[in-house]
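To keep things clear, I will list the structure first and then write my remarks on it.
The values are calculated or read from the model by the stated rules, or taken from the named source; none is laboratory data. In this text the structure is predicted, and so the values were computed from the model without any measurement. Backbone-built Cβ (ideal geometry, glycine too); neighbour counts: all protein chains shown.
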Amino acid sequence: MECFILAGGQSRRFGEDKLLFRLGSKRTIERVIEVARKVYPEVRLVAKSGDKFKDLDVEVVEDLLPDQAPIIGLYTALSSCKGDRAMILSGDTPLIKPEILKLLMEEFKEPATLLSSEGRIHPLIGIYSRSLLPVLKDYIDSGGRSLIRFLEETEYKLIGEDSIRRVDPRLLSLINMNTREDLKEIVRWI
């Protein structure tokens, strides 16, 4: 199975490019790549352009559609996937643990398996089947851009908080680095 790290956000709330932000000796995106490579032999980034990541030893798949939205990244990843399913990760989760990725693989059920905590779905840490491509394309072609709304129209399996806590007791893998407040929390655990 391949892993695709979505790296196309604009970092508006963070104030600068959060994926290239240095957390200790590594940039945010490097931390996510490093963990993904512990579990998956093939790791690729999905981004609008590969230019800002050219110093990284990782293939960049450029978004197939011009819109900026996580659902476009998912569509690009599934379209580029060589196998029947793909692990999808957000590039702004520097505390992601390999055990979370393994848990998703062990618990996978067609057509998608995602994490859930505190009543919230985490759609950018999950495994998606290529079988979703036709309905995903139809949804996007009809103007849909919300990944959560798309998921509401399809089936998926959720791995709940109790199961997540067995491999990540503090739920650190679920912390996205969207704001400076998030950064403080992440720095505390690095």
Out of T76, T93, T113, I need the residue that is part of a helix (DSSP H, G or I), buried (at least 18 other Cβ atoms within 10 Å of the Cβ), β-branched (V, I, T) and touching a residue at least 24 places away in the same chain (Cβ under 8 Å). Which one?
T76
Quick check on segment 116-123. Is at least one of its residues over 21 Å from D92 (Cα atoms) and crowded, with 18+ Cβ neighbours inside 10 Å?
no
Kindly indicate whether L151 is modelled with pLDDT of 95 or more and either within 14 Å of the chain's Cα centre (by Cα) or part of a loop (DSSP other than H, G, I, E, B) (or both).
no
Could you tell me whether L136 is modelled with pLDDT of 95 or more and either assigned to a strand (DSSP E or B) or under 16 Å from I71 (Cα atoms) (or both)?
yes
Step by step: first the residues of segment 167-181, then only those that are over 21 Å from R27 (Cα atoms) and free of Cβ contacts under 8 Å to residues at least 24 places away in the same chain, then the one that is surrounded by the most Cβ atoms within 10 Å (Cβ to Cβ). Which residue is that?
R170
Inspect segment 21-34 for any residue being more than 22 Å from R180 (Cα to Cα), of a type outside the set (D, E) and part of a strand (DSSP E or B) and give the result as yes or no.
no
Filter segment 5-57 for residues that are farther than 19 Å from L78 by Cβ, among the aliphatic types (A, V, I, L, M) and touching a Phe, Trp or Tyr at 6+ places or on another chain (Cβ under 9 Å) and give the result.
L19, L20, I29
Does segment 9-26 contain any residue that is touching a residue at least 60 places away in the same chain (Cβ under 8 Å) and within 29 Å of E110 (Cβ to Cβ)?
yes
